[in-house]
Amino acid sequence: MPLSIPEPCLCLVTGPTVGGRRSLLERIDEAVAGGVDMVQLRDKELPAGEMLELAVAMKETINGRARLMVNGMADTALATEADGVQLGELAMTPSEARRVVGPNCLIGRSVHSPEGAAAAQAEGVDFLLVGAMFSTASHPGIPPAGSGLLKDVRRRLERGGRSLPILGIGGINESNAGEVMRAGATGVAVITAILGASDAGQAAAGLKREMLNAWEAAAALPGKGSGVGA
């Protein structure tokens, strides 16, 4: 049976600049215990062999408590039996990735515009990462679009006739996660807000609390189903 992502979804994206491997695995363990629902392995500086080793170690650390995604490397996702692959907007097509990972893995696409979201929707992806919401050191070349981008993407997807889970990404932290959820996100994806915190578990718990508050408040509004953007 094809997988789905939890709703609302707190996604932790890894990066090459935050500690060594042991520290990263410890923080991932703490973050998942604190409420992270999905972990995306993203490190474009690692050679393929080391990426595979790290993916295996992360899968063991997560131990089924959260989804594991591999950024950009469908073959690594397949080899480690990860839950899916996350594709950049200019990376391989979802159909190419699907041929590698099979029918039951998740395929996410990172997009930066309503047009990019519509194209990904037509390509049959399972969810979107949309950003950058706010200023972020991990994507210095992408100007922040604000939460209005999420509203525009949601409207464009509704015109396409197929709803998709949308995760906001880029400069999101505990103080603005609720704003992103209220704009129509299914969840948020973060790097520094968790991995840069002194306590990854507490940081994850704080983010999840703000997300759930916004999600439940939106669900209670007249005409809403379950969650923000329903």
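The single condition from (1) in contact with a strand residue (DSSP E or B) (Cβ under 7 Å, 6 or more places away or on another chain); (2) free of Cβ contacts under 8 Å to residues at least 60 places away in the same chain; (3) under 26 Å from residue 136 (Cα atoms) that residue 51 fails is (1). If you go through the range 94-118 and keep only what is surrounded by 15 or more Cβ atoms within 10 Å (Cβ to Cβ), in a helix (DSSP H, G or I) and free of Cβ contacts under 8 Å to residues at least 24 places away in the same chain, you end up with just 97.
Please determine whether any residue of the range 141-148 is among the hydrophobic types (A, V, I, L, M, F, W, C), modelled with pLDDT under 95 and over 20 Å from residue 5 (Cα atoms).
Yes, the range 141-148 contains at least one residue that is among the hydrophobic types (A, V, I, L, M, F, W, C), modelled with pLDDT under 95 and over 20 Å from residue 5 (Cα atoms).
Just name the residue that is nearest to residue 204 (Cα to Cα) out of those in the range 17-30 that are in a loop (DSSP other than H, G, I, E, B) and in contact (Cβ under 8 Å) with a residue 24 or more places away in the chain.
Filtering the range 17-30 for residues in a loop (DSSP other than H, G, I, E, B) gives 17-20.
Narrowing the set further to residues that are in contact (Cβ under 8 Å) with a residue 24 or more places away in the chain leaves 18-19.
Numbers: 18: 16, 19: 18 Å.
Taking the candidates together, the pick is 18.
Restricting 33, 77, 91 to residues that are assigned to a loop (DSSP other than H, G, I, E, B), among the small types (Gly, Ala, Ser), in contact (Cβ under 8 Å) with a residue 12 or more places away in the chain and under 24 Å from residue 127 (Cβ atoms) narrows the list to 91. Looking only at residues in the range 119-128 that are part of a loop (DSSP other than H, G, I, E, B) and open to solvent by 40 Å² or more (accessible area, probe 1.4 Å), the one that is modelled with the highest pLDDT is 126. Could we say that residue 131 is at pLDDT below 95, under 26 Å from residue 148 (Cα atoms), under 17 Å from the mean Cα position of the chain (by Cα) and among the small types (Gly, Ala, Ser) here? So residue 131 fits the description; yes. Restricted to the range 174-190, and to residues there that are part of a helix (DSSP H, G or I) and of a type in the set (Gly, Ala, Ser), the residue that is farthest from residue 36 (Cα to Cα) is 178.
The values are calculated or read from the model by the stated rules, or taken from the named source; none is laboratory data. Everything numeric here is computed off the predicted structure, so don't read it as measured data. Glycine gets a Cβ as well: all are built from the backbone with ideal geometry, and neighbour counts include every protein chain shown. Areas reflect the complete protein model, heavy atoms only, side chains present, ligands, DNA and RNA absent. Shrake-Rupley method; radii C 1.70, N 1.55, O 1.52, S 1.80 Å.
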